[in-house]
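First the structure, which I've put down as structure tokens, then a few questions once you've had a look.
The values are calculated or read from the model by the stated rules, or taken from the named source; none is laboratory data. Since this is a predicted model, take the numbers as computed values, not measurements. Counting neighbours? That spans all protein chains shown, and the Cβs are built from the backbone with ideal geometry, glycine included.
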């Protein structure tokens with residue numbers, strides 16, 4: 001059952017709103033970042049490896 | 001059995017097989033955490049004494065659980081890597097360190113915010129908070145050490161030793177901090193301890209704990225896979241993988 | 001057996017002889033200890049009552065920092081001139097030789113700090129009853145600092161920039177000793193029995209004695225061979 005009378009009451013949380021929302025917001029943001037970081041690293045590594053292979057091929061064709 | 005063990009030690013095999021688990025783990029952690037957050041924020045009853053600030057427990061407790069469990073995961077992986085010279089275990093250990101440190105930070109941060117409406121101050125030297133802080137320092141030590149070596153192999157071995165030394169010391173540290181706290185417990189601040197949990201409060205907590213476990217496994221796998229790719233970047237299978245993307 | 005103990009004492013003797021040749025280095029941690037304790041009244045208050053209240057903790061923290069400062073030297077010089085590798089190649093078990101080095105190191109850094117501490121107790125108006133537990137506790141505590149510190153020193157020896165990193169690695173491990181050490185002094189000052197706390201401190205030190213030589217030997221092998 002929804003514990004609050006209105007959406008405004010839900011946001012305000014009887015005065016505890018800022019604390020609760022800050023705790024949830026920061027924690028979930030850190031967790032999202034934890035999950036995204038390795039994916040971005042992988043993508044960067046793949047791009048780097050691809051570029052290296054391409055550079056090698058170009059050098060091979062130039063000869 | 002040994003063949004299986006050998007296979008598990010092969011980074012490439014692990015990369016392939018873990019790729020199949022990833023979507024399911026990601027789905028499970030998102031569903032569980034979203035359910036838990038909505039349930040905890042909107043539908044769980046508020047605590048009689050602490051009011052709505054009590055809702056922070058749904059982040060704080062799972063994060064604290066995994067912060068400590070994560071150190072043991074790291075040390076166990078380090079031990080396996082050291083005893084059986086298993087490369088994969090080394091990579092898991094390196095992958096676990098920043099994840100554990102981040103969860104420890106979340107536990108400390110939510111604890112501090114929770115403290116303000118509950119005790120009237122962001123920080124008190126409570127036994128559990130102090131132990132968490134020491135745990136964060138242990139994690140930071142591991143991360144700092146892992147970044148100072150030039151080769152990944154040496155770095156993993158060194159971190160494994162430090163993690164094992166830290167692990168056998170953690171119970172001593174925790175016990176001593178507990179004892180220290182009972183000695184100095186300020187009379188003005190009475191800790192209520194864990195609020196007596198009504199089942200309606202406890203169910204979302206259980207969902208969140210499960211969700212955090214899935215999330216931990218997910219990020220540990222992701223970090224390990226990244227570590228595998230970086231270490232094996234010169235091998236053909238990684239190059240082919242990169243070309244295929 | 002004789003060759004084992006022979007090698008053990010040879011290492012201690014050698015390290016002590018080297019330390020005696022660099023007496024200036026020996027005094028540095030002591031001066032550091034003295035200066036930190038001098039800063040306390042300047043930073044907080046010269047009032048004897050207030051100083052007495054914080055004396056146990058301040059002396060312990062300064063002693064911790066002073067021994068931490070000296071940890072760097074445990075393996076560094078030997079690593080730089082190559083004698084550490086010689087030591088590792090010798091047929092004796094490495095942990096035994098590491099233990100010998102730790103003992104020698106404690107004799108030239110930990111022990112002077114212990115012997116110096118009553119003077120600092122006087123300067124911080126530590127009550128009479130606190131002196132004996134302070135001395136006893138510091139003997140055990142500085143030994144633990146040297147033992148666990150050796151693990152950190154071994155891990156960072158090949159890095160050449162280890163000193164800050166080293167402090168970061170070992171300080172969390174020092175928490176129990178600091179807690180038991182200061183509360184033993186505090187209990188004595190308050191007229192309570194401090195035997196139990198001292199026993200816990202001794203237990204932590206004994207545990208480190210069992211653990212640290214092996215961990216430090218393992219760390220040396222990793223850091224240098226790897």
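Scanning for something under 17 Å from the mean Cα position of the chain (by Cα) and closer than 19 Å to residue C:218 by Cα, does the stretch C:92-99 turn up at least one residue?
Yes; the residues of the stretch C:92-99 include at least one that is under 17 Å from the mean Cα position of the chain (by Cα) and closer than 19 Å to residue C:218 by Cα.
A follow-up question, please. Among the residues of the stretch B:138-152, which ones are more than 8 Å from chain C (Cβ to nearest Cβ) and either out of contact with any helix residue (DSSP H, G or I) (no Cβ under 8 Å at 6 or more places or on another chain) or farther than 14 Å from residue B:231 by Cβ (or both)?
B:139, B:142, B:143, B:147, B:150
Considering B:117, B:98, which residue is in contact (Cβ under 8 Å) with a residue 40 or more places away in the chain and in contact with a strand residue (DSSP E or B) (Cβ under 9 Å, 6 or more places away or on another chain)?
That would be B:117, the only listed residue that is in contact (Cβ under 8 Å) with a residue 40 or more places away in the chain and in contact with a strand residue (DSSP E or B) (Cβ under 9 Å, 6 or more places away or on another chain).
Right, another one. Pull up the stretch A:11-34, narrow it to residues that are modelled with pLDDT of 85 or more, surrounded by fewer than 17 Cβ atoms within 10 Å (Cβ to Cβ) and within 7 Å of chain B (Cβ to nearest Cβ), then point me to the one that is nearest to residue B:215 (Cα to Cα).
The qualifying residue nearest to residue B:215 (Cα to Cα) is A:30.
Considering only the stretch A:50-61, I want to know if a residue exists there that is over 30 Å from residue B:200 (Cβ atoms), modelled with pLDDT under 90, exposed (fewer than 15 other Cβ atoms within 10 Å of the Cβ) and within 9 Å of another protein chain (Cβ to nearest Cβ).
yes
Which one of these does residue C:82 not meet: (1) over 26 Å from residue C:175 (Cβ atoms); (2) surrounded by 19 or more Cβ atoms within 10 Å (Cβ to Cβ)?
The failed condition is (2).
Quick check on my filter: what residues within the stretch B:35-51 are touching a helix residue (DSSP H, G or I) at 6+ places or on another chain (Cβ under 8 Å), assigned to a helix (DSSP H, G or I) and either at pLDDT below 80 or surrounded by fewer than 23 Cβ atoms within 10 Å (Cβ to Cβ) (or both)?
B:35, B:37, B:39, B:41, B:42, B:43
Would the stretch B:39-50 turn up any residue that is without any contact (Cβ under 8 Å) to a residue 12 or more places away in the chain and within 7 Å of chain A (Cβ to nearest Cβ)?
Yes: one or more hits.
Consider residue C:163 against the criteria (1) surrounded by fewer than 23 Cβ atoms within 10 Å (Cβ to Cβ); (2) more than 7 Å from chain B (Cβ to nearest Cβ); (3) modelled with pLDDT of 90 or more; (4) more than 30 Å from residue C:122 (Cβ to Cβ): it satisfies all of them except one. Which criterion is unmet?
The single condition residue C:163 does not satisfy is (3).
Here is a yes/no grid of residues against (1) in a helix (DSSP H, G or I); (2) over 21 Å from residue C:155 (Cβ atoms); (3) away from chain C (no Cβ under 14 Å):
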{"position": "B:76", "(1), (2), (3)": "yes, no, yes"}
{"position": "B:88", "(1), (2), (3)": "yes, yes, yes"}
{"position": "B:91", "(1), (2), (3)": "yes, no, yes"}
{"position": "B:113", "(1), (2), (3)": "yes, yes, yes"}
{"position": "B:117", "(1), (2), (3)": "yes, yes, yes"}
{"position": "B:121", "(1), (2), (3)": "no, yes, yes"}
{"position": "B:132", "(1), (2), (3)": "yes, yes, no"}
{"position": "B:161", "(1), (2), (3)": "yes, no, no"}
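Looking only at the stretch B:113-126, which residues are surrounded by 18 or more Cβ atoms within 10 Å (Cβ to Cβ) and closer than 20 Å to residue B:67 by Cα?
B:113, B:114, B:115, B:126
Farther than 18 Å from residue B:12 by Cβ, modelled with pLDDT under 85 and in contact with a strand residue (DSSP E or B) (Cβ under 7 Å, 6 or more places away or on another chain): which single residue out of B:199, B:195 fits that description?
B:195
Could I ask something else about it? Can you spot a residue in the stretch B:77-93 that is under 16 Å from residue B:218 (Cβ atoms) and surrounded by fewer than 17 Cβ atoms within 10 Å (Cβ to Cβ)?
No, every residue in the stretch B:77-93 fails to be under 16 Å from residue B:218 (Cβ atoms) and surrounded by fewer than 17 Cβ atoms within 10 Å (Cβ to Cβ).
Can you confirm whether residue B:110 is closer than 24 Å to residue A:31 by Cβ and over 17 Å from the mean Cα position of the chain (by Cα)?
Taking the combined requirement at face value, the residue does not satisfy it.
Sticking with this structure for a sec: If I filter the stretch C:207-216 down to residues being surrounded by fewer than 21 Cβ atoms within 10 Å (Cβ to Cβ) and touching a helix residue (DSSP H, G or I) at 6+ places or on another chain (Cβ under 8 Å), which single residue comes out as farthest from the other protein chains (Cβ to nearest Cβ)?
Here the answer is C:209.
In the stretch C:170-199, how many are over 17 Å from residue C:61 (Cβ atoms), facing another protein chain (nearest Cβ under 10 Å) and free of Cβ contacts under 8 Å to residues at least 24 places away in the same chain?
Residues meeting the conditions: 1.
Let me ask something additional. Among the residues of the stretch B:77-90, are any under 29 Å from residue B:203 (Cα atoms) and either under 18 Å from the mean Cα position of the chain (by Cα) or in contact (Cβ under 8 Å) with a residue 24 or more places away in the chain (or both)?
No: zero hits.
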